[in-house]
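K.L.:
Structure provided below as structure tokens; questions to follow.
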Amino acid sequence: MAKLTKAEAKKHHEAEQLLDKPEWTHEDREFFTQHWQESANHVNTTAGAFFTPLDYAMDVALDVGPGKIVDLCAGIGTLSYAAMLRNGTENVDITCIELNPAYVEIGRKMIPQARWITGDVFQELPALSERFEYAVSNPPFGRIKAEGAGPRYTGASFEYKIIDLAAEYADQGTFVIPQQSAGFQYSGVPYYERKEDGREYQKFVKQTGVFLDIGAGMDTTSYSKWHGVAPRTEVAISFFDNLIPAQQELTA
């Protein structure tokens with residue numbers, strides 16, 4: 001768990017007090033996402049999980065239109081909340097799936113209009129037997145322990161497992177992933193460049209048929225120190241239009 005400065009601890013405490021309010025305003029949500037330090041209560045480095053800043057999420061949501069949206073590994077739902085702000089509450093139908101029940105409890109205050117499901121995405125999403133226009137996710141990164149897997153990708157990178165799973169149930173997806181997993185570089189470099197030489201990326205594309213490309217066209221380096229976290233990320237999108245047939249059947 002992270003050690004906070006006095007100023008961070010004060011703001012974090014104020015954010016924690018919001019949890020006692022039965023209903024939140026937009027200002028409450030903004031304050032909470034800015035000042036609640038998830039690492040103060042949870043060892044997120046172990047899980048590879050880091051929350052999305054709201055300003056970052058608003059840029060990500062430029063690639064998410066109206067319709068049915070599923071948020072995988074949703075955390076407290078910041079990506080979905082941004083998509084709702086972009087499109088209007090009446091124009092989205094949001095489902096959030098998150099393993100951590102503490103995050104789900106907060107998420108229900110962030111987006112009470114959403115359907116919140118506590119559980120493993122590899123079990124819960126197939127159990128829904130639904131189709132979505134959009135999948136969004138800022139999943140845990142790297143070699144994270146997981147019981148399930150996507151229907152095609154057999155490697156160990158958790159972000160690829162989530163994208164593979166999303167491709168089975170959504171028309172397109174928008175993902176926050178590590179730069180080395182994106183197949184391109186845009187953030188923190190002079191110009192956009194394809195970088196598809198990584199062995200794991202090549203395996204992912206070969207097994208799934210999923211092509212990842214630049215999303216909202218944002219340089220994410222301005223968020224690299226968010227709450228003391230410094231992984232370089234990219235916003236990647238895919239339209240899932242050249243999927244390779246699934247090799248393994250997903251069951252509820």
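We did not get these values from a lab; they are worked out from the coordinates using the rules stated. Since we're looking at a predicted model, the values are computed, not measured. Positions of Cβ are backbone-derived with ideal geometry, glycine not excepted, and every protein chain shown enters the neighbour counts.
K.L.:
All but one of (1) under 26 Å from Ser39 (Cβ atoms); (2) out of contact with any Gly (no Cβ under 8 Å at 6 or more places or on another chain); (3) not in a loop (DSSP other than H, G, I, E, B); (4) not aliphatic (A, V, I, L, M) hold for Pro231; state the number of the condition that does not hold.
P.N.:
With respect to (1) under 26 Å from Ser39 (Cβ atoms); (2) out of contact with any Gly (no Cβ under 8 Å at 6 or more places or on another chain); (3) not in a loop (DSSP other than H, G, I, E, B); (4) not aliphatic (A, V, I, L, M), Pro231 is out only on (3).
K.L.:
Could you list, ordered by first residue, the pairs with Cβ atoms under 6 Å in which the first is in the stretch 146-163 and farther than 18 Å from Gln123 by Cβ and the second is of a type in the set (Gly, Ala, Ser) and not in a loop (DSSP other than H, G, I, E, B), at least 6 apart or interchain?
P.N.:
Taking only residues 6 or more apart or on different chains, the pairs are Glu159/Ser181.
K.L.:
To continue, here is another question. Look through the stretch 131-164, keep the residues that are touching a strand residue (DSSP E or B) at 6+ places or on another chain (Cβ under 8 Å) and β-branched (Val, Ile, Thr), and return whichever of them is surrounded by the most Cβ atoms within 10 Å (Cβ to Cβ).
P.N.:
To start, the set of residues in the stretch 131-164 that are touching a strand residue (DSSP E or B) at 6+ places or on another chain (Cβ under 8 Å) comprises 131-139, 141-142, 159, 162-163.
In the following step, the residues that additionally are β-branched (Val, Ile, Thr) were identified as 136, 162-163.
Working: Val136: 30, Ile162: 27, Ile163: 27.
Result: Val136.
K.L.:
Right, here's the next one. So, restricting to helices (runs of 4 or more DSSP H) that lie completely within the stretch 77-180, which ones have at least 2 residues that are touching a Gly at 6+ places or on another chain (Cβ under 7 Å)? Full working, then the answer.
P.N.:
Details: elements: 78-87, 101-110, 121-128, 158-169.
Qualifying helices (runs of 4 or more DSSP H): 101-110, 121-128, 158-169.
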